[in-house]
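Notes follow once the structure below has been shown.
The values are calculated or read from the model by the stated rules, or taken from the named source; none is laboratory data. Owing to the predicted nature of the structure, the values given are computational and were not obtained by experimental measurement. Ideal geometry is used to build each Cβ from the backbone, glycine not excepted, and the neighbour counts take in all protein chains shown.
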Amino acid sequence: MFDTDLPIYELLEPIRQFLTCANELVLEAPPGAGKTTQVPLALMHAEWLDGQRIIMLQPRRMAARASAQRMAQLLGESVGVTVGYRVRGDTQVGRGGTGTRIEVVTEGILTRMLQSDPALDGVGLVIFDEFHERNLDSDLGLALVLQARELLREPQDPLKILVMSATLDGDSVAKLLGNAPVLRCEGRQFPVAVHYRAPWRARQSIVERVVPEIEALAADEGAGSILVFLPGQGEIERVRNALNLPGEIAVMPLYGALELSRQQAAIMSPESGQRKVVLATNIAETSLTIDGIGCVIDSGLARHPHYDQRTGMTRLTLGRISRASSIQRMGRAGRVGPGRCVRLWSEEQQQQLEPASVPEIRQADLAPLALQLLRWGVADPSELQWLDVPPSGPYARALQLLTTLGAVHQLEGLSRLTAHGEAMAMLPLHPRLAHMLLQSVQWGLVENACLLAAVFSERQPQTITGVDIERRLAALDSGNASQLSRSGWANRVRQQASSYRKLMLEPERHIAVDATDITGLLLATAWPDRVARALEGEPGRYQLSNGRQVTLGAEDELARNEWLAVAELGAKSGSATDRIYCAAALEPMLFDHALAGLCRVQDTIAWGDRNERLLAQRQRLLGTLVLSSKRLENVPVAARSAATMSYIRERGLALLPWNNDSRQWQARVMLAHQLQPESWPDVSDSHLVATLEGWLQPWLDKVTRLADLKALDLTKILSAQLDWNLSQQLEQLLPTKLQVPSGSGYNIDYLSDPPVLAVKLQEMFGASDTPSVAQGKVPLMLHLLSPAQRPLQVTQDLAGFWRGSYREVQKEMKGRYPKHPWPDKPWEAEPTRFTRHRRK
């Protein structure tokens, strides 16, 4: 049963002993060490397990099946006897009349097991395998297990936890587990010669880079079988079609959506003397052992799920792998003997790689996690123990989506599941699709909804092109003679749809829906925030109900529709606008019956920028999209005033009829406020905007047009903020005019800082002190003017000017203006507004 040649063999007894004494253990072991198959078998008969089951989590369906089959093979049994598995759409446990002792499950399965039986009765050990991948479900599963055993398991019946990983910061996990012990397996690794190539450049053809490398290694008979890491199924198929290899070399794809028999063929050892080329995604990094590999060709690329907060979409984005991933991939070449690894990037770029991949919890759509936490009874994620607490912003957006779908409501200030939300949480689907399935009951469209949900649960084949989702549905038609309708993808979709159908109650049809409207109706139900309406006069451009604008190729058949229900969208690199990738035509008449629940009626009183007048309408809205509107009569004065003030706040105080008098008044009061803030009000623009209700609203009763606003006496309105006493004090403290020595009175410009008094130089003769306001606290800035009213001097020191630079001014001006007096002692001269020959 045990392979003594595997590196993990020497640690099996220490693992048993540690788990005998402790309830937690962290095991670090490199890929190929044998931990996945050997450790569960070694622990199955431990005394402390006392006949209870072992649940082992695997992040991928392929790896879960493969590891269960390998353990069953080592026991000489069929899968489902002692060792079984549970994955989406496929369960093999409890066959042959014997209770299954080891169950390998995918991570979402564990969450549902915990929700139905939080104590996990009959389970003695939960193993988190390949935990370094840090999937969202694995982080959630560990958090729930930790709380469940703390609250529901007795000390004499502990639930033990073993976290296993190929590359992981084991110390941080150990700390999370209460400073659990850490065991490390060195592994068995033959030397691997690493060869770097020219630097990788963005937008390079992967096919052109990879194919010559494969063909060169295939020509070397000593190279053995070759494992090629590629980003996804599309690249695998393109490389496969471009290869020109001898017939005796088998080319085998390996990716998650591949039929089970072809997956097994790629994993199994080749026949004696046969060589194979396995074209694989990152599924082959750690989760699977592929026999017979002597060489690895690494593209250095992978597709990872990334949740775009702008679009609310999780998309697989192409990007560079981490340094840890590159090391794991390289190690695949050193399992059976010395190997080679060709990296299609430079050695310098290797050092620039991120040390490890970003945990999914920090970049994923958190709606599924939020739904499960609320079902668990946790309103705040911080109540649980996490390696990375779910980020607050994305979590809040997840709650908002669940609220939109009717799954969440507020109870005593906390988010709680509604009955509809409870039903959604019990379905093994994304909340959007679960909501769609439940809603389909009232229309008698459960069969259609299950099929559509299954289509979105399986990755679309490369051969299906176009935006219209109807193309995918047509490819599933069993009467269709195309090869696609008989493909593994189509079979998996039908099988998944059947499993969803078994979870649903018999439908009761309440609202009749035309057959041509079904798909659009169901998509709009799942994605109510992405109902799209064509923008008038802009072919191919649509506005979503969430307010965003998106594009659709004008040549696409769907572009002829005014309304669309959009399921998938995103932005290409360098594009500022999102593009529609999957949608269906939507019949707007559905808003009157089947989709009436998405709509709301709202009275809108707002200013229109185009006609510059107040518009009062009763609108029927779907999100931000206006379905219909009619004019409202007899709008309350308070509502009109509130709309006008909102418009002013949006556009700014410049909408009001400011003039020099009103601005001068504002500046005088602001100067008084600076001098005596406790006595004078703040009348700055920002404060005026913030307090429109207090000073402007009483004057807005009859304002319905911009012209009405412009007709307001703003100086009068502003002045009303001061009582009679303050108004009198303002005139005394900061007068609008000042009498100069010549007897003339001139306006003071308070818009300048300090305030400015512009006066003809000769009118200031006989004065030595600089004029001031505010009881001498604020000297004025004198603009001393020539007879032609041009500034000769700007000063706040009149005495200094007379005894200083006046001499230069006198010298220059005396010849230019000989009829005007230019005395040698201006501070003693008689002031005048006139020439020397005219009396004052």
List the residue pairs whose Cβ atoms are under 7 Å apart, where the first residue sits in the range 364-381 and is under 15 Å from ARG397 (Cβ atoms), the second is surrounded by fewer than 21 Cβ atoms within 10 Å (Cβ to Cβ) and among the β-branched types (Val, Ile, Thr), and the two are 6 or more positions apart or on different chains. ALA364/THR314; ASP365/THR314; PRO381/VAL389
Matching entry among SER752, SER772 (being without any contact (Cβ under 8 Å) to a residue 40 or more places away in the chain, hydroxyl-bearing (Ser, Thr, Tyr) and over 28 Å from PRO823 (Cβ atoms)): SER752
The range 313-426: strands (runs of 3 or more DSSP E) wholly inside it with 1 or more residues that are outside the structural domain of SER165 (by TED's automatic domain parsing) and of a type in the set (D, E, K, R) are 313-320, 339-343, 414-417
Hey, among ASN634, ASN611, which residue is surrounded by fewer than 13 Cβ atoms within 10 Å (Cβ to Cβ), out of contact with any strand residue (DSSP E or B) (no Cβ under 6 Å at 6 or more places or on another chain) and at positive phi? ASN634
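Give, as residue ranges, the strands (runs of 3 or more DSSP E) completely inside the range 26-123 that count at least 3 residues that are farther than 30 Å from GLY331 by Cα.
Filter on the range 26-123 gives 90-92.
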Can you confirm whether the range 718-730 contains a residue that is loosely packed, with under 12 Cβ neighbours inside 10 Å, over 30 Å from LEU784 (Cβ atoms), modelled with pLDDT under 95 and among the aliphatic types (A, V, I, L, M)? no
Given the conditions (1) surrounded by fewer than 16 Cβ atoms within 10 Å (Cβ to Cβ); (2) under 20 Å from the mean Cα position of the chain (by Cα); (3) farther than 30 Å from LEU709 by Cβ; (4) not hydrophobic (A, V, I, L, M, F, W, C), and given that GLU568 satisfies all but one, which numbered condition is not satisfied? (1)
Go through the range 160-176 and give me each residue that's buried (at least 21 other Cβ atoms within 10 Å of the Cβ) and at pLDDT 90 or above. LYS160, ILE161, LEU162, VAL163, MET164, VAL173
Would you mind stating whether GLU447 is modelled with pLDDT under 95 and of a type in the set (D, E, K, R)? yes
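From the list LEU369, LEU344, pick out the single residue that is within 30 Å of PRO431 (Cα to Cα), surrounded by 16 or more Cβ atoms within 10 Å (Cβ to Cβ), modelled with pLDDT of 90 or more and among the hydrophobic types (A, V, I, L, M, F, W, C).
Testing whether each residue is within 30 Å of PRO431 (Cα to Cα), surrounded by 16 or more Cβ atoms within 10 Å (Cβ to Cβ), modelled with pLDDT of 90 or more and among the hydrophobic types (A, V, I, L, M, F, W, C) leaves just LEU369.
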Could you list, in sequence order, all residues of the range 208-244 that are over 21 Å from TRP345 (Cβ atoms) and surrounded by fewer than 16 Cβ atoms within 10 Å (Cβ to Cβ)? ALA219, ASP220, GLU221, GLY222, ASN241, ASN244
Determine if the range 540-555 includes at least one residue that is among the aromatic types (Phe, Trp, Tyr), more than 30 Å from ALA202 (Cβ to Cβ) and surrounded by 18 or more Cβ atoms within 10 Å (Cβ to Cβ). no
Which condition number in (1) in a helix (DSSP H, G or I); (2) under 18 Å from ALA720 (Cβ atoms) is the one that ASP682 fails? (1)
From (1) exposed (fewer than 15 other Cβ atoms within 10 Å of the Cβ); (2) closer than 19 Å to MET645 by Cα, pick out the condition that doesn't hold for THR715. (1)
Search result, residues across the range 582-608 that are surrounded by 17 or more Cβ atoms within 10 Å (Cβ to Cβ) and outside any loop (DSSP other than H, G, I, E, B): CYS582, ALA583, ALA584, ALA585, LEU590, PHE591, LEU598, ILE605, TRP607
Among the numbered criteria (1) more than 30 Å from ARG16 (Cα to Cα); (2) modelled with pLDDT under 95; (3) in contact with an Asp or Glu (Cβ under 9 Å, 6 or more places away or on another chain), which single criterion is violated by SER205? (3)
Could you identify the single residue in VAL446, VAL378 that is farther than 21 Å from TYR581 by Cα, surrounded by 14 or more Cβ atoms within 10 Å (Cβ to Cβ) and under 27 Å from the mean Cα position of the chain (by Cα)? VAL378
Is it the case that ARG432 is under 23 Å from LEU114 (Cα atoms) and among the charged types (D, E, K, R)? yes
Can you tell me how many residues within the range 382-403 are without any contact (Cβ under 8 Å) to a residue 24 or more places away in the chain, closer than 17 Å to HIS420 by Cβ and not β-branched (Val, Ile, Thr)? 1
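Here's the yes/no breakdown for (1) touching a Phe, Trp or Tyr at 6+ places or on another chain (Cβ under 7 Å); (2) at pLDDT 90 or above; (3) loosely packed, with under 13 Cβ neighbours inside 10 Å:
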| site | (1), (2), (3) |
| --- | --- |
| LEU761 | no, yes, no |
| MET781 | no, yes, no |
| ARG790 | no, yes, yes |
| GLU808 | no, yes, yes |
| PRO821 | no, yes, no |
| GLU828 | no, yes, yes |
| ARG833 | no, no, no |
